[in-house]
Amino acid sequence: MGDGAAGRFGETDATRPLVDAGGFRLGAVGVYMAADLELMGANAPRLAGQTAQDQRVLGAVELSGLGLVIAPGGNQNPVAGSLVKADGAGGDQAPANPPFDLMVGSPAQAGGGIVVRFDGEPALRIAVRKQFGPLYLEEIALLYRQRLPGSGLIGIGLDASVALAGLKVQADGLSLFVPIDRPGELERWELDLSGLAVSYTGSAVTISGGLLKAQLPTTIEYRGALSVEVAGYGLSAIGAYARPTDAAGEYTSLFIFLAVSAPLGGPPYLFITGVAAGVGVNRRLLTPRDPAAVPGFPLVAAMNPGADPDPMAQLQRIGTDIPPQRGAFWLAAGVKFSTFELLKTTALGTVAVDRGFEISLLGLMQLQLPPVEEAAILSVELALAAKYSTVDQVLSIQAGLTRNSWLISRDCQLTGGFAFVAWFDPARPGVLLTIGGYSANFDVPAHYPVVPRVGFHWNVAFDGPGEIVVKGETFFALTHAAAMVGGALQAGYRVGPVRAWFSAGLDVIIWWDPFGYVVDAHIDVGIEIKLEACAFGICVTLPPLRITQGAWLHLEGPPLSGSVLIDVGVARFTVPFGRTVPQVYRSWLEVVSIYLAPPAQGGGATATAGSVGAGGLPAPQQASGPTDGSFARPWHVAPEFALRVESKMPLGAWQLEQRGEQAAPFGPADVLV
């Protein structure tokens, strides 16, 4: 027979703790107990297979809202004192000890010993993010590890780093576990370290490297990275090894990538400064689609070792970008070169074979004028991500400016992106060309890439009160359905409670079939003053005083219609004109007759055409004309023949069928391309 009881003790007001004294806080206490006992008597009911040994008493104690509001407690140890202060120097200003729930109890399964949970999880992680001299503490963790039979282990973990005189040592997942039932037996204590990274920067030597042990669903993976640079010559290497298990059994998965940086020579416009190569066995290679992710991609980062000062972060990205996968193989080769000592380029080409075939090209181009860091007035960094994939059936070329792009001042950031994409999937065929994104009046399909506007954003810095922000952007896009172009310019000034601004913009989109257009344009200026009235220590914010003047124009058609909105400061009024007529879209049969019909039928160019490549026979003398493969003039072929099919539109499959007075010996058959 099973039975149980539970009790919870706390304040009626849930916001008040049960105990709050001496730096100790406790929100509530919960006690839970359950018993599974045998009924007495020969005829007492009993579960099938239950014996007297199955009698159990289970219990748990839960401490809710448990917190240690630790204070420095004097100046004997200023480092330890600053660690627990909520306003400690550097890093996150949040308290180091937020309240949590602690549960200690016995598990449901027999022989489970004692179970510990923090907020319902086997680990409680407290973000510290503070610097204490040479020590940087990222995170403290309270841990529990289940071990059957018997009680588990309770432990503490640290993510921290130490930097001193150019040397930095970073530990990831450093943890110590102590068995709950036998804490005095030191030989049963367990020490674990997930990762270790070391870097050193000297006058002529730069060294960085790391090792990381990562837990995969079925095994443990080991990842490593090493970078050495001495007097302009460098060597970088990254790799990973694992033996995961899938439905077919265990297999070996590994990859290695090597990069050498050295002045190898060449003409001034293509002076090679480095080469790289790598291979992956039973490894996927998920190259980035977004150009903004190219600089941080592990293989590109390995070719530019000085660009990523955190080797541990590079190792952690391997699990996302280069995961194990049975039957997946890839090759990679890269080159670094400079053009007239002004343009520096990193190019990486990859070939991957997984569920299909994929070719990728990643690039990073950097230009700085003049090429001296302290005197530069222009910095442009362009990332490129190009890919052709038979799996996704897409050809994609995308480029974008990174955050290292600026003009005159680092406060004047340059933005912009480019994309050319051709989809060959019959479910969503199409072609896209865009510089700077799309019109606000364009319904962007979900599979279209996100492309940032081409423009600038300048927070003008000057001596004196107030701030000035100037922003400009433009875009152009061409799709199989529409063309669009536009731009905008904004300027604003703020000083105290006063804000003034200027804004102008243009957005034009034209659809092909049915023909239509939408034009939006505006220009406006304004000033706003926020006032606050105070009396007897009480302040009241008054409604802002705003004065604006501007005009907004909206056009659409055909037929031409639209509206004009005019703002004269004290009033706004709209003047509509024309008549809006909904556009009638063509049916599929109309599209076929207009765009896909052969020229002889009055349509456009032939969408598909076929011919006999081999095995063709001459037409009979009574034939009415040359054979073209139609029902009226079919091709005559030998038992073995070859057909050639050409298409001017994305072609996913074609159908082979037989027509005639006699019954066809075979039914229609789809032939995949």
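The values are calculated or read from the model by the stated rules, or taken from the named source; none is laboratory data. It should be emphasised that the depicted structure is a prediction, and the values quoted were computed from it without experimental measurement. With ideal geometry, Cβ positions are generated from the backbone for all residues, glycine too; neighbour counts draw on all protein chains shown. Surface areas here come from the heavy atoms of the whole protein model, side chains and all, with no ligands, DNA or RNA. Shrake-Rupley method; radii C 1.70, N 1.55, O 1.52, S 1.80 Å.
Among the residues of segment 213-261, those that are assigned to a strand (DSSP E or B), of a type in the set (S, T, Y) and either in contact with a Lys or Arg (Cβ under 7 Å, 6 or more places away or on another chain) or open to solvent by less than 30 Å² (accessible area, probe 1.4 Å) (or both) comprise Y222, S227, S236, S253, S261. If only residues of segment 143-169 that are over 18 Å from G195 (Cα atoms) and open to solvent by 50 Å² or more (accessible area, probe 1.4 Å) are counted, the one that is modelled with the highest pLDDT is I154.
When segment 262-311 is limited to residues that are open to solvent by 40 Å² or more (accessible area, probe 1.4 Å) and hydroxyl-bearing (S, T, Y), the one that is farthest from S199 (Cα to Cα) turns out to be Y269.
Selection of segment 262-277 for residues being part of a loop (DSSP other than H, G, I, E, B) and either within 33 Å of the chain's Cα centre (by Cα) or touching a residue at least 60 places away in the same chain (Cβ under 8 Å) (or both) yields only G266. Candidates in segment 542-561 are the residues that are open to solvent by less than 40 Å² (accessible area, probe 1.4 Å) and touching an Asp or Glu at 6+ places or on another chain (Cβ under 6 Å); of these, the one that is farthest from W511 (Cα to Cα) is T548. Taken as a whole, the condition of being in contact (Cβ under 8 Å) with a residue 24 or more places away in the chain, hydrophobic (A, V, I, L, M, F, W, C) and farther than 22 Å from K387 by Cβ applies to L369.
Within segment 179-199, the residues that satisfy the criterion of being surrounded by 15 or more Cβ atoms within 10 Å (Cβ to Cβ), over 23 Å from P323 (Cβ atoms) and touching a Lys or Arg at 6+ places or on another chain (Cβ under 8 Å) are P179, V198, S199.
None of Q398, Q413 is touching a helix residue (DSSP H, G or I) at 6+ places or on another chain (Cβ under 6 Å), in a strand (DSSP E or B) and on the phi < 0 side of the Ramachandran plot except Q398.
Looking across segment 446-486, the residues that are aromatic (F, W, Y), assigned to a strand (DSSP E or B) and under 15 Å from L432 (Cβ atoms) come down to F475, F476.
Residues that are β-branched (V, I, T) and either within 21 Å of the chain's Cα centre (by Cα) or at pLDDT 95 or above (or both) within segment 374-425 comprise V391, V394, I397, T402, T415, V421, listed in sequence order. Here L364 fits the description: modelled with pLDDT of 90 or more, over 18 Å from G239 (Cα atoms) and assigned to a strand (DSSP E or B).
Residues of segment 487-540 that are at negative phi, without any contact (Cβ under 8 Å) to a residue 40 or more places away in the chain and assigned to a loop (DSSP other than H, G, I, E, B): P497, W512, K530, L531.
Inspect segment 423-430 for any residue being in a strand (DSSP E or B) and surrounded by 14 or more Cβ atoms within 10 Å (Cβ to Cβ) and give the result as yes or no.
yes
Filtered by the rule that a residue be within 11 Å of T350 (Cβ to Cβ) and in contact with a strand residue (DSSP E or B) (Cβ under 6 Å, 6 or more places away or on another chain), segment 278-299 gives G278, V279, G280, L285, T287, L299.
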